[in-house]
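Below: one structure, written as C-alpha cells.
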Amino acid sequence: MNTDAIPMQQNLVVPNCKTLFLGFMKLGLMGFGGVLPLARHMIVEEQKWLSSDKFTDLLGVCQILPGGNIVNMAVAIGYDFAGAKGAFSAVFGLMLAPTVIVISLYQIYVNFQEIQLVQHMIQGLAAAAAGLLFATGFKMLKPLMKKKLTYFTILLTIIFMLLIKLPLALTLLILVTVNMSVLTFKRHSEQANNIQE
C-alpha cells in the first residue's frame, strides 16, 4: 500500500483485493443512473476506506483525467491499497455486474421500448439519478465551504459551464489559474504584512 498517498487514520480501514472487488461490485450493482452519488457513501461512510476530504480531493483529480470518474477512482483507490492487483480488482468488481445486467436489459428493452409505461419508467429513473447526483454534490461541498474562494470558484464554474458553455478542460484550466493567482497574491500580502509588523 502506498502510505504516502493515503494517510492512515485510526478509523479508516485498509481493504485487500477481495474486499475491493466485493465493495466495488456492490457499488456497481447499486449505482443505477451513475454510481457517484453512492460511491461517497460506500467509500467514506460505510466501508471507511477514505476520509471525506480525501474522497473529495481524489474525485477532483479523477475528474480531470480521461475516462469515467468512478472508474478512475476505482483504479486510484485499488492501486493505493493493493497495487496493480487492487486496481484490477476494484475496476473488475465495478464493471462486472453492470455489464452483464446492461446486456441483458438491453435485449429486453429492444423488444419493449415502444410501450408507454417503459418510456415513463426510464424518464423517472433519469430524474432520480439527477437528484442523487445533486444531493451528493452538496455533501461534497460541505467540507469545502469554509473559504470565500470556494464560493467564488463555484460562481465562476456556473458562469463558464452553464452560461458561456466553455468546454470542461478550458474551464478547469481557467479555474486553476484563477485559484493559484488568488492564493499567490494572498500569500504575498500576508508575507508583506508579516514583514511590516
Just one listed residue, out of Leu166, Leu144, Leu170, is open to solvent by 60 Å² or more (accessible area, probe 1.4 Å), more than 18 Å from Ala39 (Cα to Cα) and without any contact (Cβ under 8 Å) to a residue 12 or more places away in the chain, and it is Leu170
Inside the stretch 59-102, can you point out the residues that are open to solvent by less than 40 Å² (accessible area, probe 1.4 Å), under 22 Å from Lys18 (Cα atoms) and of a type in the set (A, V, I, L, M)? Ile70, Met73, Ala74, Ala76, Ile77, Ala82, Ala87, Ala90, Val91, Leu94, Ala97
Check the stretch 38-49 and report whether any residue there is within 30 Å of Leu172 (Cα to Cα), of a type outside the set (Val, Ile, Thr), not in a helix (DSSP H, G or I) and not assigned by the TED database to the domain that holds Leu172. yes
Matching residues in the stretch 154-175 (within 18 Å of Met140 (Cβ to Cβ) and of a type in the set (Val, Ile, Thr)) number 4
Being small (Gly, Ala, Ser) and over 16 Å from Gly31 (Cα atoms) is the filter here; which residues of the stretch 68-98 pass it? Ala76, Gly78, Ala82, Gly83, Ala84, Gly86, Ala87, Ser89
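The values are calculated or read from the model by the stated rules, or taken from the named source; none is laboratory data. Quantities reported herein were computed from a predicted structural model and do not represent experimental measurements. When we count neighbours, we look across all protein chains shown, and the Cβ atoms used for this are built from the backbone with ideal geometry, even at glycine. These accessible areas exclude ligands, DNA and RNA; they are computed on the full protein's heavy atoms, side chains included. Shrake-Rupley method; radii C 1.70, N 1.55, O 1.52, S 1.80 Å.
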